[in-house]
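J.: Below are the structure tokens for one structure; questions will follow.
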Amino acid sequence: MTDGRPIDRRRVLQAIGAGGALSIAGCSDPDDPTNPCDLSVTKESVADSVPYGGSTEFEITVCNDGDGTCEDSVTVTDDLPGGVTYAAHTGTDWDCTESGGVVTCEHPNANGLGPGECLPTLTLAVDVGPQGEVGDAIRNCVTVEQGDADQPHKTDCADVPVTGSVDGECDLAITKEHDGESVAPGSTTEFEITVCNEGDGTCRGPVPVVDTLPNGVTFVSSGGSGWSVTETGSVVTAEHQNGGGLAPGDCLPTLTLEVAFGSIDETGDAIRNCASIEADDADPTNNRSCVSVPVDTSVDDGDCDLAIEKTHDGTPVSPGDTTEFEITVCNEGDGTCRGRIPIVDSLPSGVTLVDVTGSGWSISASGGVVTATHPNSGGLAPGACLPTLTLEIEVGSMDETGDAIRNCASIEADDANVRNNRDCVSVPVQPPQTSCEGLNVEKRTGGQFEYGQVSTYEIDVCMLEEQTCDGQITVTDALPDGISFVSASGSGWSASASGGTVTATHPNSGGLGAGQCLPTLVLSVEVAPVDQFPGGSDGVRNCARLSADGAVVDEDCVAHVITN
């Protein structure tokens, strides 16, 4: 401050300020020492403090401390600190935009800013994030960049403490529940865990829950929207990100844990299981919840003996066919079978899986190995069977399958008799039936026929039966008088004409199977001029005859008119 002007509060603040950035551009003629424009800025916080997750406002004032009028528009730039986001602005004639945390505001200063005058106050409203982003205070600074008579860069800062939460205290509470039914050894059951906010403030940040399973109880699976769950050494750890915060009275989605019970020697006649919230809040006394579940000690003393049977209808299959196997699992013992029942089916070479169905079965397939698991939640009583499991497969070439498919399925569980835990079935594989009886020919016009013009006939040859036609296929077409052959096209087709009859052949090298068609045969023909066309009629009928294995197998005709 060596320019000879008086030192006032604003100039001191501008000289000692640091941090942030608010820049102002706009003055009259900075190179004219007789008429200097000298813009200055101050920034103040409206509130003494702000809560985490709350909002606050800063007031920014731009004044002319010079001796001359500032005539240009004024631009202000505010680089917000971490954890603080722009919400809105107010101030007469101020226009603000925000990009990447930088707020830029412009005032047109239409009437000019005389010495000692200030622009209307600009108020910036901002939102404050969590403590991990903003710390215990917000320090927001403004920097003035101008070409006026004073120093080129001016700065003013405002500090605001951040404390508490926006609306009271967070108090997470956990509840663990069970349906109360006794659970038999070897079976599964579910627990439901609910976490709610019983406080008067929003709970923010991830919510972790820990459940240490008691002796004899093992983790099976989990469910619950937004929950991520892991299990190590019988300790189940679940976490919900709680991205939007948990308002007072709200609850996170229910977390469901499925567990399996071991023997009575491990569990005793009841189990007690607890879940805890691993987070600090206003009241830790409701951060743990336990539930006791009775164990059914009246289970029968007989043995579980699972038996598997795999069946097929016995119909021979051919390459390209699909067929089904049915798998049935029953309890041939005198005791109830409890717990999940897994089945493994390793498909033989040349066979690919199409589909698997069966009520209650969950299926996975990888590398030709099909794994199916049934929860068997209620247990499988003596003589009872699980719902049938159906496997649909597709048969590959006989180079892969040979003349038969042998397929086995196994129960992957221990029971009283392991000799009936595997069953196999063989299905004959035979070459595809070769017959051309099911061939079909369809003939149509390729467009309107006109006298003196070239037009086309289109001919399709398809196999409509469940068999394969091998060897050459021939189409003959005796063209009507007045219509002459020009050329033929269609992949694999060759054609020639003699005496008005067109003969086209296709080698059909790979055979034509059920539902397959040869490439369309297109015959280009020329129609005689109207004064040369025989018969004096505008209507004609043309037929194509299909032959294979030396015999005619089908014929199709098309009737159409010829126009000028």
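The values are calculated or read from the model by the stated rules, or taken from the named source; none is laboratory data. Since the structure is predicted, the reported quantities are computational estimates derived from the model, not experimental observations. Here Cβ is always computed from backbone atoms with ideal geometry, including for glycine, and neighbour counts include all displayed protein chains.
J.: Going by what's in this entry, would D280 be described as without any contact (Cβ under 8 Å) to a residue 12 or more places away in the chain and more than 30 Å from C385 (Cα to Cα)?
T.: On the way: without any contact (Cβ under 8 Å) to a residue 12 or more places away in the chain: yes; more than 30 Å from C385 (Cα to Cα): yes.
Answer is yes for this residue.
J.: Here's a check for you: in the stretch 477-505, which residue that is among the small types (G, A, S) and not in a strand (DSSP E or B) is farthest from K443 (Cα to Cα)? I'd like the intermediate steps shown before the answer.
T.: Residues of the stretch 477-505 that are among the small types (G, A, S), as a first pass: 478, 482, 484, 487-492, 494-500, 504.
Checking which are not in a strand (DSSP E or B) leaves us with 482, 490-492, 499-500.
Working: G482: 19, G490: 14, S491: 17, G492: 18, G499: 21, G500: 17 Å.
It comes out as G499.
J.: Residue by residue through the stretch 318-332, note down the ones that are at pLDDT 90 or above and farther than 19 Å from V425 by Cα. It would help to see each step written out before you state the result.
T.: Of the stretch 318-332, the ones at pLDDT 90 or above are 322-332.
Matches in the stretch 318-332: N331, E332.
J.: Within the stretch 487-503, identify whether any single residue is in contact (Cβ under 8 Å) with a residue 60 or more places away in the chain, touching a Ser or Thr at 6+ places or on another chain (Cβ under 9 Å) and in the same structural domain as G471 (by TED's automatic domain parsing), and answer yes or no.
T.: Among the residues of the stretch 487-503, not one is in contact (Cβ under 8 Å) with a residue 60 or more places away in the chain, touching a Ser or Thr at 6+ places or on another chain (Cβ under 9 Å) and in the same structural domain as G471 (by TED's automatic domain parsing), which makes the answer no.
J.: Exactly one of these conditions fails for G447: (1) surrounded by 14 or more Cβ atoms within 10 Å (Cβ to Cβ); (2) part of a loop (DSSP other than H, G, I, E, B). Give me its number.
T.: Among (1) surrounded by 14 or more Cβ atoms within 10 Å (Cβ to Cβ); (2) part of a loop (DSSP other than H, G, I, E, B), G447 violates only (1).
J.: So, one more: Would you check if there is a residue in the stretch 511-525 being surrounded by 14 or more Cβ atoms within 10 Å (Cβ to Cβ), of a type in the set (S, T, N, Q) and in contact with a Gly (Cβ under 6 Å, 6 or more places away or on another chain)?
T.: yes
J.: Still on this structure, I have one more. Could you look through the stretch 56-85, keep only residues that are within 19 Å of D136 (Cα to Cα) and hydroxyl-bearing (S, T, Y), and pick out the one that is surrounded by the most Cβ atoms within 10 Å (Cβ to Cβ)?
T.: T56
J.: Which of the numbered conditions does A282 fail, given that it passes all the others? Conditions: (1) aliphatic (A, V, I, L, M); (2) out of contact with any Ser or Thr (no Cβ under 9 Å at 6 or more places or on another chain); (3) surrounded by fewer than 19 Cβ atoms within 10 Å (Cβ to Cβ); (4) over 30 Å from D211 (Cβ atoms).
T.: (4)
J.: Which members of the stretch 409-421 meet the condition of being of a type outside the set (A, V, I, L, M, F, W, C) and surrounded by 15 or more Cβ atoms within 10 Å (Cβ to Cβ)?
T.: Let us first name the residues in the stretch 409-421 that are of a type outside the set (A, V, I, L, M, F, W, C), namely 410, 412, 414-415, 417, 419-421.
S410, D415, N420, N421, listed by residue number.
J.: Just a yes or no: is a residue in the stretch 213-235 touching a residue at least 60 places away in the same chain (Cβ under 8 Å), in contact with a Gly (Cβ under 9 Å, 6 or more places away or on another chain), surrounded by 14 or more Cβ atoms within 10 Å (Cβ to Cβ) and part of a strand (DSSP E or B)? Show your work before the answer.
T.: Keep residues of the stretch 213-235 that are touching a residue at least 60 places away in the same chain (Cβ under 8 Å), which gives 213, 220.
Filter once more, keeping what is in contact with a Gly (Cβ under 9 Å, 6 or more places away or on another chain): none.
No - not one qualifying residue is present in the stretch 213-235.
J.: Can you name every residue in the stretch 418-444 that is assigned to a strand (DSSP E or B) and within 30 Å of G510 (Cβ to Cβ)? Working first, answer last.
T.: Residues of the stretch 418-444 that are assigned to a strand (DSSP E or B), as a first pass: 422-429, 434, 439-444.
Passing the criteria: S426, V427, P428, V429, T434, L439, N440, V441, E442, K443, R444.
J.: Quick one: is G339 at positive phi and touching a residue at least 24 places away in the same chain (Cβ under 8 Å)?
T.: Working: at positive phi: yes; touching a residue at least 24 places away in the same chain (Cβ under 8 Å): yes.
Spelling it out, G339 is indeed at positive phi and touching a residue at least 24 places away in the same chain (Cβ under 8 Å).
J.: Which one is nearest to G216 (Cα to Cα), of the residues in the stretch 251-294 that are assigned to a strand (DSSP E or B) and over 37 Å from the mean Cα position of the chain (by Cα)?
T.: Of the residues in the stretch 251-294, the ones assigned to a strand (DSSP E or B) are 251, 255-261, 270-277, 288-294.
So of that shortlist, the ones also over 37 Å from the mean Cα position of the chain (by Cα) come out as 270-272, 292-294.
On the way: A270: 11, I271: 9, R272: 11, S292: 14, V293: 13, P294: 13 Å.
Per the criteria, the residue is I271.
J.: Would you mention how many residues in the stretch 458-470 are in a strand (DSSP E or B) and either closer than 28 Å to V317 by Cβ or free of Cβ contacts under 8 Å to residues at least 12 places away in the same chain (or both)? Don't jump to the end; show me each part of the working.
T.: Here is the first cut: in the stretch 458-470, the ones in a strand (DSSP E or B) are 458-463, 468-469.
Retained after the next criterion (residues that are either closer than 28 Å to V317 by Cβ or free of Cβ contacts under 8 Å to residues at least 12 places away in the same chain (or both)): 461-463, 468-469.
Matching residues across the stretch 458-470 total 5.
J.: For T520, state whether it is in contact with a Ser or Thr (Cβ under 6 Å, 6 or more places away or on another chain), of a type in the set (S, T, Y) and over 14 Å from S455 (Cβ atoms).
T.: No; evaluated as a whole, the condition is false for this residue.
J.: Test each condition in (1) without any contact (Cβ under 8 Å) to a residue 12 or more places away in the chain; (2) within 35 Å of the chain's Cα centre (by Cα) for L246 and report the one that comes out false.
T.: For L246, the failing item is (1).
J.: Moving to a separate point now. For the stretch 516-544, how many residues are at pLDDT 90 or above and not in a strand (DSSP E or B)? Write out each step before concluding.
T.: To start, the set of residues in the stretch 516-544 that are at pLDDT 90 or above comprises 516-529, 540-544.
Within this subset, residues satisfying the condition of being not in a strand (DSSP E or B) are 516, 518-520, 528-529.
Qualifying residue count, the stretch 516-544: 6.
J.: Could you say whether any residue in the stretch 471-480 is exposed (fewer than 13 other Cβ atoms within 10 Å of the Cβ) and closer than 30 Å to S318 by Cα?
T.: Checked against the condition, which is being exposed (fewer than 13 other Cβ atoms within 10 Å of the Cβ) and closer than 30 Å to S318 by Cα, the stretch 471-480 yields no hits at all.
J.: Take S547 and decide whether it is surrounded by 12 or more Cβ atoms within 10 Å (Cβ to Cβ), at pLDDT below 95, of a type in the set (S, T, Y) and in the same structural domain as G446 (by TED's automatic domain parsing). Give the derivation first.
T.: Working: surrounded by 12 or more Cβ atoms within 10 Å (Cβ to Cβ): yes; at pLDDT below 95: yes; of a type in the set (S, T, Y): yes; in the same structural domain as G446 (by TED's automatic domain parsing): yes.
Against the criterion (surrounded by 12 or more Cβ atoms within 10 Å (Cβ to Cβ), at pLDDT below 95, of a type in the set (S, T, Y) and in the same structural domain as G446 (by TED's automatic domain parsing)), S547 qualifies.
J.: Please verify whether G446 is under 55 Å from the mean Cα position of the chain (by Cα), within 14 Å of T520 (Cβ to Cβ), at pLDDT 95 or above and not hydrophobic (A, V, I, L, M, F, W, C), treating the condition exactly as stated. Before the answer, list the steps.
T.: Numbers: under 55 Å from the mean Cα position of the chain (by Cα): yes; within 14 Å of T520 (Cβ to Cβ): yes; at pLDDT 95 or above: no; not hydrophobic (A, V, I, L, M, F, W, C): yes.
Considered against the rule, which asks whether it is under 55 Å from the mean Cα position of the chain (by Cα), within 14 Å of T520 (Cβ to Cβ), at pLDDT 95 or above and not hydrophobic (A, V, I, L, M, F, W, C), G446 comes out as no.
J.: From G360, G350, which residue is modelled with pLDDT of 90 or more, buried (at least 18 other Cβ atoms within 10 Å of the Cβ) and within 33 Å of the chain's Cα centre (by Cα)?
T.: On the way: G360 fails: buried (at least 18 other Cβ atoms within 10 Å of the Cβ).
Result: G350 is the single residue among G360, G350 that is modelled with pLDDT of 90 or more, buried (at least 18 other Cβ atoms within 10 Å of the Cβ) and within 33 Å of the chain's Cα centre (by Cα).
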